[in-house]
Amino acid sequence: MDEVEVVVAHSERATLRVGDVFLKVDTDQARIDVEVEAMALAPVPTPRVLWRNPPVLAITAVPGTALGRLGEPSTASSAAWAAAGAAIRKLHEAPLPPWPGRRRRGPDELAAELDGECELLVTNGILPADLVTRNRQIAEAAIRPWTPVFTHGDLQIEHVFVDGDEVTGIIDWSEAGRGDALFDLATLTLGHEGHIEDVIAGYGTDVDLDVIRAWWSLRSLLGIRWLVEHGFDAFEPGCEVDVLRSRM
């Protein structure tokens, strides 16, 4: 019998792996609905849905290995990073999904969320005020009108799988929806800034690097408190807090 591997587990959801099958347990059925529909619509390789019995979703593993991990150097080739960029461009050029997206639907909403989060980071003693203030200033460049595209919404480096120089699968679609294309590109390259040129080369069109840098600060500011409260270490070398410190 295959061993059961706990991939991730916290109070909101858990993912288990048994052999080549992933079991995702999520009490938020709307999140699972989005994941299933997004994988069906996305024009890129995704896991295959085996069955669904709420609150559990069973999907296949995708071949290959993750493009990398946050906080560790990526061993993937420049061509693999470029292939990831090309896959993201294909997704962004697809027809918009019929749902609006679960969060950050516009610049005003984003600014309000960011201001509230920055205040909590300081008042709760999680980060020093000067670090938060500096990165809040940088993040301002991302708070602007954008043309919505079909975005993954949580395109962390560990969610993109490659085999050699080919993208073999993109996983974890629960945050997919209409959003800012540059948010996906920034999420993929968070903590791996040296590969942004490879990704852009594969993406195949000019992008505003200042906005991507702004999203690095913005995503980190929005995510750190949640990570800390759910048992993850955003202070590990190369992770979110280091991303903020590198902007000082």
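The values are calculated or read from the model by the stated rules, or taken from the named source; none is laboratory data. None of the values given here were measured: they were computed from a predicted structure. Glycine gets a Cβ as well: all are built from the backbone with ideal geometry, and neighbour counts include every protein chain shown. Heads up: the accessible areas ignore ligands, DNA and RNA and are worked out on the full protein's heavy atoms, side chains in. Shrake-Rupley method; radii C 1.70, N 1.55, O 1.52, S 1.80 Å.
Some values worked out for this structure:
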quantity	calculated
Relative contact order (%) - the range 56-182, alpha-carbon pairs under 8 angstrom, separation at least six	42
Length added when fully stretched, H10-D242, from 0.36 nm per residue minus Cα-Cα	81.2 nm
Ordering of 159-171, 10-22 by burial proxy (mean other Cβ atoms within 10 Å per residue, highest first)	159-171, 10-22
Quarter of Cα convex hull surface for the chain, i.e. mean projection, nm²	12.9
Approximate spin-label separation F232-A30, in nm, with each point projected 7 Å along Cα-to-Cβ	2.1
For L190, net neighbour charge (Lys/Arg +1, Asp/Glu -1) across residues whose Cβ lies under 9 Å away	-1
Area of I143 that stays accessible when all protein chains are in place (1.4 Å probe, Å², to 10)	30
Proximal charge balance of I59 [Cβ under 11 Å; K/R count +1, D/E count -1]	+1
Length gained when the stretch E109-R134 is fully extended (0.36 nm per residue, less Cα-Cα span)	6.9 nm
Pair-distance profile P(r), taking every C-alpha pair of the range 56-160, with 10 angstrom steps and integer %	11, 28, 35, 24, 2
Pair D206, R17: separation of 7 Å Cα→Cβ label points (nm)	4.2
